[in-house]
Amino acid sequence: MGQLSLRQSTDTLWTLRRLETPEDMAAVEELQRYIWPGSETDVVPAHLLLTVAHNGGLVMGAFVEDTLVGFVFGFPGLESTSSGIRVKQCSHMLGVHPDYRDRGLGFTLKRAQWRAVREQGLDHVTWTYDPLLSRNARLNIAKLGAVCNTYLREVYGVMRDALNAGLPSDRFQVDWWVNSRRVEDRLNGGLHPQRGLADYLGMGGRVLNAAKWDDQGWPRPPEESAPLPTDDPARPLLVEIPADFLSMKAEQPDLALTWRLHTRSLFEELFASGYVVTEFVHEAGPPPRSLYVLTHGAREA
Ligand SMILES: CC(C)(COP(=O)(O)OP(=O)(O)OC[C@H]1O[C@@H](n2cnc3c(N)ncnc32)[C@H](O)[C@@H]1OP(=O)(O)O)[C@@H](O)C(=O)NCCC(=O)NCCS
């Protein structure tokens, strides 16, 4: 596969480049400890990062002056398709220092990864994330154009780091079709539909599990979700999640577990019925609301 070039890009704040030296990887180890504190066992070590980077993997970093403030890391993987075994990139970690979040750095790192994957001649990238994290959903689905119809239960077993400990490690596995129009439009900064909840409701969309807010301001899922409609498969369906699941996990762990189990059964039913997550809506509120949009049968939508 040969050595890949990564165009070095400079933003007003940060500089992006491929990471390839032991010093670079030591900085990635250090940043992992900061972002996912509490479990040294879960830090991906420099020797593995280096081996991956020298064998078709992609490790990229964003620096402010000489300090690493974000990185993305993935490796080539194999997948079975109807036309045989194919190579994809398996993106394993994306991390941005808390002081630099919500400024587009996560998007910028993924865009660098997108360019490099296309230079490798690949068209598919997969990764997993917790479907109850609204910020990650906004980035992965709405900004990057990934889609999802794969729900994995407790995929990493019991997790030990402070961000993930305490709940079943259920994940969405997303598909990022890097040559699709949907992804190209978003990554090239072109137009893509930025619809709000009212737009989807106006199109006949239905929220399957509208939350109710309790006296303390926490959203609670309904006892029962609405049944999947059988009349019109073209109707978009929406699934609500908490807008701030990390605070809920810290302060209301039982409610967080209720949301995990509630959304697990809903997404499993939707994916088994042919629905695909294609969009994500986040509205500031109050109360803030976060909802996935699912479309029937759309692979790349
Ligand atoms: C997930 C992560 C990489 C995102 O990085 P980032 O630099 O903040 O990403 P971006 O700024 O490109 O995108 C975040 C978007 O979410 C939005 N956002 C912030 N809080 C949100 C919320 N509660 N709900 C919905 N969207 C939210 C931001 O406004 C931004 O969107 P915008 O550009 O339209 O304003 C970073 O938060 C992180 O390192 N988290 C901890 C580790 C992690 O979860 N890694 C990914 C799984 S391995």
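Within the stretch 240-259, residues that are assigned to a helix (DSSP H, G or I) and open to solvent by less than 50 Å² (accessible area, probe 1.4 Å) sit with their Cβ atoms under 8 Å from residues that are small (Gly, Ala, Ser) and modelled with pLDDT of 95 or more, at 6+ positions apart or across chains, in these pairs: PHE245/SER134; PHE245/ALA256; MET248/ALA256; LYS249/ALA256.
For ASP161, are the conditions met, namely being in a loop (DSSP other than H, G, I, E, B), open to solvent by 50 Å² or more (accessible area, probe 1.4 Å) and under 25 Å from PHE63 (Cβ atoms)? So ASP161 fails the test.
Taking residues in the stretch 86-113 that are without any contact (Cβ under 8 Å) to a residue 60 or more places away in the chain and near the ligand (Cβ under 8 Å from one of its atoms), and partners anywhere that are in a helix (DSSP H, G or I) and aliphatic (A, V, I, L, M), the pairs with Cβ atoms closer than 7 Å and at least 6 places apart or on different chains are LEU94/LEU109; GLY106/LEU139; PHE107/LEU139.
If you go through the stretch 116-141, how many residues are small (Gly, Ala, Ser) and over 15 Å from ARG289 (Cα atoms)? The total comes to 2. When the strands (runs of 3 or more DSSP E) confined to the stretch 27-111 are screened for residues that are surrounded by fewer than 16 Cβ atoms within 10 Å (Cβ to Cβ), those reaching at least 1 such residues are found at 67-81, 84-96.
The condition of being farther than 20 Å from ASP102 by Cα, modelled with pLDDT under 95, under 23 Å from the mean Cα position of the chain (by Cα) and not polar (S, T, N, Q) holds for only one of ASP42, ASP66, that being ASP42. Taken over the stretch 212-236, the residue count meeting the criterion of being closer than 21 Å to PHE271 by Cα and surrounded by 11 or more Cβ atoms within 10 Å (Cβ to Cβ) is 9.
The values are calculated or read from the model by the stated rules, or taken from the named source; none is laboratory data. Since the structure is predicted, the reported quantities are computational estimates derived from the model, not experimental observations. Heads up, the Cβs are rebuilt from the backbone with ideal geometry, glycines too, and the neighbour counts pull from every protein chain shown. When the accessible area is computed, the model is the full protein with side chains, heavy atoms only, and any ligands, DNA or RNA have been set aside. Shrake-Rupley method; radii C 1.70, N 1.55, O 1.52, S 1.80 Å.
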